[in-house]
1. Kindly indicate the residue of the stretch 202-220 that is loosely packed, with under 15 Cβ neighbours inside 10 Å and not in a strand (DSSP E or B) and also modelled with the highest pLDDT among those meeting that condition.
2. Output the residues belonging to the stretch 368-412 that are over 17 Å from residue 315 (Cβ atoms) and of a type in the set (A, V, I, L, M).
3. Working only within the stretch 51-86, note down all residues that are exposed (fewer than 12 other Cβ atoms within 10 Å of the Cβ) and more than 30 Å from residue 123 (Cβ to Cβ).
4. Would you please name the residue that is nearest to residue 444 (Cα to Cα), looking only at residues in the stretch 325-358 that are in a loop (DSSP other than H, G, I, E, B) and of a type in the set (S, T, N, Q)?
5. I need every pair where a residue in the stretch 158-176 that is over 15 Å from residue 72 (Cβ atoms) has its Cβ under 6 Å from the Cβ of a residue that is part of a loop (DSSP other than H, G, I, E, B), sequence separation at least 6 or different chains.
6. So residue 407 passes all but one of these: (1) assigned by TED's automatic domain parsing to the domain that holds residue 291; (2) in a helix (DSSP H, G or I). Which condition number does it fail?
7. Hey, residue 185 hits all of (1) exposed (fewer than 13 other Cβ atoms within 10 Å of the Cβ); (2) at negative phi but one; which does it fall short on?
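The values are calculated or read from the model by the stated rules, or taken from the named source; none is laboratory data. Keep in mind that what you see is a predicted model, and the values were worked out from it rather than measured. Here the Cβ positions follow ideal geometry from the backbone for every residue, glycine too, while neighbour counts run over all protein chains shown.
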Amino acid sequence: MGLLDIFNTTNKDNKGPLSNEQIYDRASQELKDLIAPAGLKIESQSINLSGKTAKSFFVISYPRYLDDSWLAPLINLDKVFNVSMHITPLATTEMMKKFQKKVAEVESQIYTKQEKGEVRDPKLETALQDLEDLRDSLQQASEKMFEVGLYITIYGDDPEEIRKTETEIKNILESKLIYIRPALFQEAEAIKTVFPLGTDLLKITNQINTSPLSSFFPFLSFDLSSDRGILYGLNRHNGSLVIFDRFSLENYNSMVFATSGSGKSYYTKLEILRTLMFDTNVIIIDPEKEYEYLAESVGGRYFDISLNSNHHINPFDLPALVEGESIGEVLRSNIISLVGLLRVMLGGLTPEEDAIVDRALTETYAIKDITEETESLEGLDFPLLSDFADVLSGIEGSIDIQQRLSKYIDGVWSGFIGKPSNVDINRKLICFSIRDMEDELKPVAMYIITHFIWNEVRKELKKRLLIIDEAWIMMKNEDTASFLFGLAKRGRKYYLGLATISQDVGDFLRSPYGLPIITNSSMQLLLKQSPSSIDLVQKTFNLTDEEKYLLLESGVGEGIFFAGQKHVAIKVISSYVEDQIVTTNPAQLLEAKKKNKV
């Protein structure tokens, strides 16, 4: 018989409808049947509930002082357990009589020791002072007395798991001088006491006054809820909202590591969408054309960077001067960046070639009347790659460099970076797609785009977020990795947050700049990890074994979120409207296309 059937049942004895009391009794019995375990075995030290072992404990003593967060390490323990408190107020008049009697007893003991000439006992004197202070507080009604019972029930699949959890809990509490004992031969009464029934069958209590009792509340747990910032997801431990502002940290950088299909792009799009609401400009380097629909939805600009694209970026462009900078400083900085770009383009340079390239770059700018003595860049044209090639042809010993550079000038890769810039990033969201770029050229394209973005960032101080998806592409080359590390280090001065995303920690850490970039990121998100890389992830992020297994078993959009010194287990959530904009599910995208056609 189902619970709803109760209300349609008649009284068989009286041939009439059931009374309210009869309906309540039958419903209570039905509910108990629904929630009762399939089997129950009570032993002296534990209870077996349908194959799950439960063991209960009670607190027998507390220290003289309790700090406000003494329960936090226990509550945040990544184990399955229940905590129950039973608090009963005591009559102040009765307690005053007991305190009066106790004060007299302690004073008598102190006086007797003095009469006998014995050494004074500091414990008795401290106890007397505490009793008198508490008695005064009770008289002034600033304190009340309570009987407090604190009970804990832990759960495990086998005795070994129970033993480990018991040891861990004891170590946490005993380090604070709080001692617990198992409920031997009282396991049935103990588990009923811990259940939310409001009955204390053990009656093992301590008398505690208001001040120390207040330290029992609230149950503190790690959370990242603040009064400003964006919603990143739900705290899987306690269900609270994970709300945080990356621009409140010591640096504004973040890292995301996750396997393919675990929700890293979905999470990133949600962060972009929510960040835009807080007057932040967002720039994205998109290697898979995943952000095009998002850019269109929010009125952003989407640039396709490829060999056949109409969008071009000239790496020889010099940025606008900021206050206190000279043209010479900007010119030297850009030449250094161009030398790094040419190393990436040409597959490396020998020391001799490096010197030739440096000289050729200086002369290339000079033919456009741009030198360290130039007073203004206004009205001047910046050189192109073809100008550099012309200068290079007149320098002795540059034949090999010219041959390797020819494919960018008049070969199969010509037109990629040899034209003036025509990209304008004056929108709230800008996205550069490199999906259609040849794989060999993707590191070159990412270097040019990030350098262009950096020059634009330096022009005007504004809150910005730079998203680099599949950042491992840049980590494959030392020069691009070095430039990315430079962005992570210097971005804070220009109010720039750098968000790097990668599938594999191993690929990222193969570069000597991988770990420094991670350590220079105040925020990190670890979603589902593969078994082959989990040990490296655990070592890199100092994870516990429980956190390690959590990442292995996480579902889509679930993982561990780090912000500063805190980290929580997180589940990424979105509204219906957000989901329609940021989804990467092929089935949803196909359905959306069908609806648009209709």
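1. Filtering the stretch 202-220 for residues that are loosely packed, with under 15 Cβ neighbours inside 10 Å and not in a strand (DSSP E or B), the one modelled with the highest pLDDT comes out as 203.
2. Selection gives 395, 399, 412.
3. 51
4. If we take residues in the stretch 325-358 being in a loop (DSSP other than H, G, I, E, B) and of a type in the set (S, T, N, Q), then 350 is nearest to residue 444 (Cα to Cα).
5. 165/79
6. Just one mismatch for residue 407, condition (1).
7. Failing condition for residue 185: (2).
So that you can scan it fast, the table gives a plain yes or no per residue for (1) over 14 Å from the mean Cα position of the chain (by Cα); (2) farther than 24 Å from residue 437 by Cα; (3) in the same structural domain as residue 575 (by TED's automatic domain parsing):
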site	(1), (2), (3)
227	yes, yes, no
244	no, yes, no
259	yes, no, yes
265	yes, no, yes
268	no, no, yes
271	no, yes, yes
279	yes, yes, yes
287	yes, no, yes
293	yes, no, yes
